[in-house]
Amino acid sequence: MGYIPLRSLENLKKYSYKGVDKSLVSRYILQPFWTWFVTLWPLSVAPNTITLTGLTIVFFNFFTLLYYDPMYLTEKHGFEGPPHWIYFTWALGLFAYQSLDAIDGKQARRTGMAGPLGEMFDHGCDALNTTLEVILASRALGLGRSWWTVASQIATLANFYLTTWEEYHTGQLYLGYFSGPVEGILMICSIFLISGFFGPAFWDQRIWTFTHLEHVAPFNRLPNLPLNESFMVFGAFGLGYNIITSYINVLRATRQEPHTARSRASSLRPLLLLLPFVFSALIQVAWLSHPRYNNSYIIDSAAFVPFLCAWGLQFAHMVGRMILAHVTKGDFPLWDWVWIWSTLGAVDANLPKVFGIPPLIQRTQKNTTILVWLTLVVSFLVYARFVTLVIRDITNYLGIACFTVRKKDEKGDWAYANPEEMKKRTN
């Protein structure tokens, strides 16, 4: 018995990747670079190895934050942040991640390994990268441990969820003229570079003062927000635009397939499938916004970063199941049991507000921190189990390897892929 039902495994052979990228930056600048860059990689390197290399670079960036800015984990105020040169390494690392993430598909086509496992692996790494970049970008913007960082986490994860939700319904990955994987990443790279030159204090400047528009109508009637908060407002408008365009694409796709069950469903049904993300986000916000009890509060404590990491792992598990449903043509996952752990944390923390009784567990800051770290461990184990079982089932069924360019020969034995065949695919 495997993790994926046999009837779903059979649909893996029907899978074919479809994608649309309308980005002008991608078409005229990055694509020529990516096409050249992939030729530097030997045909013996598996595409998933390239993907994992990119994610490893991002993890290295994250660990430099923990190493050079330990006060960020332990104190609310008074920390100066990492050395300015660290931000340059973050920019370089993120650009490297984007490049490696872009060429893994090209390498898959070169080596004849394009398939559902590659998409699962690619999107899984992207999901993990999302939360890590929120933490790094929020630190570079000088937002620190604040509700602005929480808002950034929600908006960024929502955009990723939207893309996955749209791909499930339309059957293709759609990237518009401005998308997170292209322009969004380049924008964050720019933030890192600016913080490297001027420091995070640069983003505390007021937007209309900085642009010399504070006395010019109609800008003088608008709030003169700091640059970092203005960036968050810009992200909110971007999220709203993405919701509208994604929904339009979903409606168009379902109407073009009049003989499918999905197309016969109500036009509101796809919108209802956005509720799992809303529910999961509300759980996390409810836990974060619990009333203070004996100075126990997550945002003000060293538990904030592990809390975001646990949230990110739970999100990666949720969208991983969505991508799996897409490549296996399965049902859309509406519930994820990993939310139970955070739900218990949120309920326990809000007992004083709801029932007027002390929390059963989180009566002290130490207990709260321990519970958050336990949540992180459980979330990691759940996601690791999901990844391991899915990779095992797909590789066993399709007769492929995850990190090796090889296939089964006619006798059923493992053999390296034919170099001549790979050369033909490359040409």
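The values are calculated or read from the model by the stated rules, or taken from the named source; none is laboratory data. Since this is a predicted model, take the numbers as computed values, not measurements. In this analysis, Cβ positions are derived from the backbone assuming ideal geometry, glycine residues included, and neighbour counts consider all displayed protein chains. Each accessible area value is taken on the protein alone, full model and side chains, heavy atoms only, with ligands, DNA and RNA left out. Shrake-Rupley method; radii C 1.70, N 1.55, O 1.52, S 1.80 Å.
Assorted remarks:
- The calculated FRET efficiency for Ala96 paired with Arg206, based on their beta-carbon distance and R0 = 30 Å, is about 0.35.
- Here the accessible area of region 11-425 is 66 percent carbon and sulfur, with a 1.4 angstrom probe and all protein chains present.
- Gain upon complete extension [Thr388, Phe88; 0.36 nm per residue less C-alpha separation]: 104.6 nm
- Of all DSSP beta bridges in the chain, antiparallel share, percent nearest 5: 65 percent
- Estimated FRET transfer efficiency when R0 is 60 angstrom, pair Ala236-Asn396 (beta carbons, to 0.05): 0.85
- Options (1) 26, 57, 17, 0; (2) 23, 56, 20, 1; (3) 26, 62, 12, 0 - which one matches P(r) over Cα pairs in 20 Å bins from 0, in percent as calculated here: (2)
- A crude spin-label estimate for the pair Glu214 and Trp335, with each label 7 Å from Cα along the Cβ direction, gives 5.4 nm.
- In this structure, Thr56 and Glu10 have a Cβ-Cβ separation that, at R0 = 35 Å, corresponds to a calculated FRET efficiency of about 0.55.
- Our estimate of slack between Leu43 and Gln172, defined as 0.36 nm per intervening residue step minus the Cα-Cα distance, is 43.8 nm.
- For the pair Leu271 and Asn367, the difference between a 0.36 nm per residue extended length and the Cα-Cα distance amounts to 30.7 nm.
- Separation of region 76-146 from region 306-375 is 23 Å, based on Cα centroids.
- Surface exposure of the chain, expressed per residue as accessible area with a 1.4 Å probe, stands at 50 Å².
- Solvent-accessible ranking of Leu222, Leu141, Leu186, largest area first, probe 1.4 Å: Leu222, Leu186, Leu141
- When region 11-425 is described by a simple charge dipole with +1 on each Lys and Arg Cβ and -1 on each Asp and Glu Cβ, the residue from Asn350, Ile394, Gln205 located farthest towards its positive end is Ile394.
- With the simple model of a label 7 Å out from the Cα in the direction of the Cβ, Arg252 to Leu360 spans 5.1 nm.
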